[in-house]
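Undergrad: I have a structure here, written as structure tokens, and I will follow up with some questions on it.
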Amino acid sequence: MLIDTHCHIHESDYSLPLDDVLQRAHSSGVNKMICVGTSEESSQRAVEFSQQHDELYAAVGVHPHDTEDGYASICELAQQGIVAIGEIGLDYFYTHSPREVQIAALESQIQTAIDNNVPIIFHVREAFDDFWPIFDNFRGLRGVLHSFTDTQENADKAFSRGLFIGVNGISTFTKDADQQKMYATIPLEKMLLETDAPFLTPAPYRGTINEPAYVSEVAKHHASIRGISMDEVAAITTTNATALFNL
Ligand code: NI
């Protein structure tokens with residue numbers, strides 16, 4: 001059994017029919033999926049989807065890109081049976097919202113996670129120098145650095161703080177030797193599998209719309225580079241996800 005710990009199949013612009021997507025997920029052994037919010041509206045939809053489908057769980061939060069449009073409703077949505085706050089963080093690669101707005105939104109939503117005793121799904125891009133001091137200002141945070149593509153140094157900082165690292169299709173197709181090495185040395189006990197569907201479709205399905213069924217390709221890749229069975233990767237990462245998100 002596999003869990004897709006990060007997808008956006010609930011978004012209004014996700015173009016594949018949900019029933020087909022869930023059917024293919026089940027056929028690939030993907031029995032649980034976390035629909036991750038990126039805005040207030042998207043978080044509301046994630047909650048609704050999770051209430052309509054047993055295999056879907058919701059995370060609510062406002063992505064750093066969208067923080068300028070507000071995040072006040074996340075406090076209330078956090079009380080609707082959700083499994084995490086996310087995706088929240090800092091993105092200085094695009095800086096679609098000003099840095100000071102991103103930082104205020106991150107701190108506020110971390111506090112919401114603490115208040116509701118749930119883990120956090122972090123999105124951090126080109127912003128770790130600002131991120132770590134903010135993270136370290138809080139105590140007892142649990143969570144995952146989703147779609148991690150950064151350095152070994154920041155991976156090690158994550159592990160030393162008890163964070164998981166979320167790996168997706170990027171790990172199957174990156175040509176960056178440092179990234180490949182970093183992915184290959186993530187301890188399985190600290191790894192979560194995700195698709196980030198509809199984005200980042202793994203090899204060999206590049207060029208198609210991503211969907212949770214393809215998390216099996218991410219698992220297959222990590223089994224292959226470690227020389228172990230896919231069942232072992234599936235078992236350990238599923239245990240990790242089940243424990244972190246209390247699924
Ligand atoms: Ni995402």
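The values are calculated or read from the model by the stated rules, or taken from the named source; none is laboratory data. These figures come from a predicted structure and were not determined experimentally. All Cβ positions, glycine included, derive from the backbone under ideal geometry; neighbour counts span all protein chains shown. Only protein heavy atoms, including side chains, enter the accessible area calculation; ligands, DNA and RNA are left aside. Shrake-Rupley method; radii C 1.70, N 1.55, O 1.52, S 1.80 Å.
Undergrad: Which of Pro64, Pro187, Pro212 moves the most in a Gaussian network model of the chain with Cα springs under 10 Å?
TA: Ranking Pro64, Pro187, Pro212 by mean-square fluctuation puts Pro187 first.
Undergrad: In straight Cα distance, which lysines are under 21 Å from Lys190, not counting same-chain residues fewer than 8 positions off?
TA: Within the straight-line limit of under 21 Å, Lys190 reaches these lysines: Lys32, Lys157, Lys181, Lys220.
Undergrad: Moving to a separate point now. In whole angstrom, note down how far apart the Cα centers of segment 1-29 and segment 177-220 are.
TA: What the calculation gives is 15 Å, centre to centre.
Undergrad: Taking θ = phi - 60°, what integer Hz values does the Karplus form 6.51 cos²θ - 1.76 cosθ + 1.60 yield along segment 170-186, in sequence order, with x for Gly and Pro?
TA: Values per residue, Gly and Pro as x: 3, 5, 8, 10, 4, 9, 6, 4, 5, 5, 4, 5, 4, 4, 5, 9, 5 Hz.
Undergrad: Counting only residues 5 or more places away or on other chains, whose amide H sits under 5 Å from the amide H of His6 once H atoms are built in the peptide plane?
TA: Ile34, Thr195, Asp196
Undergrad: Determine the calculated [θ] at 222 nm for the chain from helices alone, applying -39500 (n - 2.57) to every DSSP H run no shorter than 4 residues and normalising by the residue count; nearest 500 deg cm²/dmol. Can you show the working numbers first?
TA: On the way: 10 runs with 103 residues, N = 247.
So the helix-based figure for the chain works out to -12500 deg cm²/dmol.
Undergrad: Picking from Ala234, Ala158, Ala105, which is most flexible by a Gaussian network model of the chain using Cα springs under 10 Å?
TA: Per the Cα network of the chain with a 10 Å cutoff, Ala158 tops the list.
Undergrad: Taking 0.36 nm per residue of separation and subtracting the Cα-Cα distance, what length does fully extending Leu188 through Gln79 add? Numbers along the way, then the final one.
TA: Numbers: separation 109, 0.36 × 109 = 39.24 nm, distance 3.12 nm.
Extra length from Leu188 to Gln79 when fully extended: 36.1 nm.
Undergrad: Let me ask you something else. So how long is each side of segment 101-247 along the principal axes, counting just the alpha-carbon atoms, biggest first, in Å?
TA: 40, 30, 29
Undergrad: Further question on the same structure: Quick one: grab the alpha carbon gyration tensor of segment 80-172, order the square roots of its eigenvalues as a ≥ b ≥ c, and give me rounded if a/c is under 1.5, else prolate or oblate depending on whether a/b is larger than b/c.
TA: Numbers: a/c = 1.40, a/b = 1.15, b/c = 1.22.
In terms of gyration-tensor shape, rounded.
Undergrad: Report the full-extension gain for the segment Asp136 to Arg226: residue separation times 0.36 nm, less the Cα-Cα distance, to one decimal in nm. Walk me through the numbers before you get to the answer.
TA: Values: separation 90, 0.36 × 90 = 32.40 nm, distance 3.22 nm.
Length gained between Asp136 and Arg226: 29.2 nm.
Undergrad: Which of the peptides 133-143, 46-56 is most tightly packed, and how do the rest follow, going by the mean number of other Cβ atoms within 10 Å of each residue?
TA: 46-56, 133-143
Undergrad: With a 1.4 Å probe and all protein chains left in place, how much accessible area per residue does the chain have, in Å²?
TA: Details: 10460 Å² over 247 residues.
Solvent-accessible surface per residue comes out at 42 Å².
Undergrad: What are the extents of the Cα atoms of the chain along their three principal axes, listed from largest to smallest and rounded to whole Å?
TA: Each principal axis gives a Cα extent; for the chain these are 43, 41, 32 Å.
Undergrad: Gaussian network model of the chain, Cα springs within a sub-10 Å range: biggest mean-square fluctuation belongs to which of Val21, Val144, Val215?
TA: Between Val21, Val144, Val215, it is Val21 that shows the largest mean-square fluctuation.
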